[in-house]
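What follows is one structure encoded as structure tokens, with my remarks underneath.
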Amino acid sequence: SDLFPSHDTERIDRQITRIENDASLQGNIIRHGKLIEDPEKGVMFVESTDVAPILNYPHTHEDNLEGCATMYEAPHRLSDGTVPDDMYELVFDPFYNDEADDQTSLFHFWVWKTVNPYTTAWEDLPVFEWAGRPNDLNTAYENLFRATKLYNCKAQGEIAGGCKGVLDYARTLS
């Protein structure tokens, strides 16, 4: 049997067309991709089929753990194109040793939209996340700091373990 009854296909087609054409819905669709940094345009989220979220835990050695950015909502921009201060916060849970025998720990961070005077949609909910265990730990650090630029936010992390690595990396940026 079909997943959808045949008498519903017209309604389903209308809904698909609405989602594809209604700009207000476009920012609310879960998208997977990468964060890239362009010297002229700054940090951008680019959808990509080359990456996939890690949905199974514990994961296996066959799983692709390189990392994936997931955007639930693009940053809110003011009329001048800037993202307001203090509208978002990033929290992270890192790992420290990328050469550890135990590869189950992931580097994971979330960007949360805070209660703010600009929009009441999706307050106190995650709007972006990145998870992975890339071969080079600097890849995770780069993504973390790119996300802080994209969402104009500060980062707060677990003080033990991997936070030292994040701080050491941040020192190389200044």
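Just so it is clear, none of the values below were taken in a lab; they were calculated from the coordinates. This one's a predicted model, so the numbers in the text were calculated from it and none came from an experiment. Neighbour counts run over all protein chains shown; Cβ positions are idealised from the backbone, glycine included.
Among residues other than Val127 with Cβ under 12 Å from its Cβ, the summed charge is -3 (Lys and Arg +1, Asp and Glu -1). Note on Lys34: lysines with a C-alpha under 17 Å away, same-chain residues under 8 apart excluded, are Lys149.
Rounded to the nearest Hz, the phi-derived 3J(HN,Hα) couplings of the stretch 48-54 under the Karplus curve 6.51 cos²θ - 1.76 cosθ + 1.60 (θ = phi - 60°) are 8, 8, 7, 10, 9, x, 8, where x marks glycine and proline. Working value for the stretch 28-174: equivalent-ellipsoid semi-axes of 25, 17, 15 Å, each the square root of 5 times a Cα gyration tensor eigenvalue, largest first. At a Förster distance of 22 Å, what's the computed FRET efficiency of Lys41 paired with Asp80, Cβ-Cβ distance as r, to 0.05? So, using R0 = 22 Å, E works out to roughly 0.90. Each Lys and Arg adds +1 at its Cβ and each Asp and Glu adds -1 at its Cβ; summed about the Cα centre, the stretch 29-77 shows a dipole of about 240 debye. Fully extending the segment from Val115 to Asp168 would add 16.0 nm, taking 0.36 nm per residue of separation and subtracting the current Cα-Cα distance. Setting aside same-chain residues fewer than 8 positions from Lys154, which lysines have a Cα under 18 Å from its Cα? Partners found: Lys113, Lys164.
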